[in-house]
């Protein structure tokens, strides 16, 4: 990655090609893609100074809620020798994800519902990171099912909790507290927890590691 202080960039795995209209810049002969903090929750998290960043060149990731692949594409820049197993339930979004995978060899798109990991268990080996960004109601339950099935010992989980998807009427702070208790009860250590405001209203990110 690269930053000029105000903006964040990832080294472009496919030079000359933008994924979603982002700016391409060259620095000392290397091409980078701007990583828009308002279009990627992971970029927003980095902008707030997250203490743990578990992604490296050879990291394998199970990404739940991949959508059209905006954040997936930046992770594929970073995890250039790893694999991003990108799960998405929407057929329309999945088509974009499929197109992305044709240019980026490390992206494996999977059309499936993250609530049912048994439907893709044969496609996904143990991974270093489980990253979840889904808008379904039982977000913590979905994360725990997948982490139990796929997260390697000592691996890191990153869970984005969307308060309004859990309960539109509840106080977000109560939803985050309940999510933290569930994660701890399931044997996870809370490594970091941060709000994504002002980039995303009523969103928080939990970074966890299995005890």
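The values are calculated or read from the model by the stated rules, or taken from the named source; none is laboratory data. For clarity, every value in this text was computed on a predicted model and none was experimentally measured. FYI the Cβ positions are ideal-geometry reconstructions off the backbone, even for glycines, and counts take in every protein chain you see.
Summary of computed values
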quantity: The listed residue being surrounded by fewer than 20 Cβ atoms within 10 Å (Cβ to Cβ), modelled with pLDDT under 95 and assigned to a helix (DSSP H, G or I), out of 42, 46; calculated: 46
quantity: Flag for residue 72 being without any contact (Cβ under 8 Å) to a residue 40 or more places away in the chain, under 24 Å from residue 142 (Cα atoms), crowded, with 19+ Cβ neighbours inside 10 Å and within 13 Å of the chain's Cα centre (by Cα); calculated: yes
quantity: Which listed residue, of 170, 135, 186, 147, is touching a helix residue (DSSP H, G or I) at 6+ places or on another chain (Cβ under 8 Å) and modelled with pLDDT of 95 or more; calculated: 186
quantity: Where residue 94 falls short, out of the listed (1) in contact with a strand residue (DSSP E or B) (Cβ under 9 Å, 6 or more places away or on another chain); (2) assigned to a loop (DSSP other than H, G, I, E, B); (3) over 13 Å from residue 130 (Cα atoms); calculated: (2)
quantity: Answer from 77, 36, 81, 99 - the residue that is out of contact with any helix residue (DSSP H, G or I) (no Cβ under 6 Å at 6 or more places or on another chain), part of a helix (DSSP H, G or I) and surrounded by fewer than 20 Cβ atoms within 10 Å (Cβ to Cβ); calculated: 99
quantity: Which numbered condition residue 58 misses (of (1) in a loop (DSSP other than H, G, I, E, B); (2) in contact with a strand residue (DSSP E or B) (Cβ under 6 Å, 6 or more places away or on another chain); (3) modelled with pLDDT of 95 or more; (4) more than 24 Å from residue 91 (Cβ to Cβ)); calculated: (2)
quantity: Selection status of residue 17, touching a strand residue (DSSP E or B) at 6+ places or on another chain (Cβ under 6 Å), in contact (Cβ under 8 Å) with a residue 60 or more places away in the chain, surrounded by fewer than 17 Cβ atoms within 10 Å (Cβ to Cβ) and not in a strand (DSSP E or B); calculated: no
quantity: Pairs where the first residue, in the stretch 21-34, is touching a residue at least 40 places away in the same chain (Cβ under 8 Å) and the second is surrounded by 14 or more Cβ atoms within 10 Å (Cβ to Cβ) and in a loop (DSSP other than H, G, I, E, B), C-beta under 6 Å, 6+ apart; calculated: 33/12; 33/22
quantity: Residue tally, condition surrounded by fewer than 17 Cβ atoms within 10 Å (Cβ to Cβ) and either part of a helix (DSSP H, G or I) or touching a residue at least 40 places away in the same chain (Cβ under 8 Å) (or both), over the stretch 133-144; calculated: 2
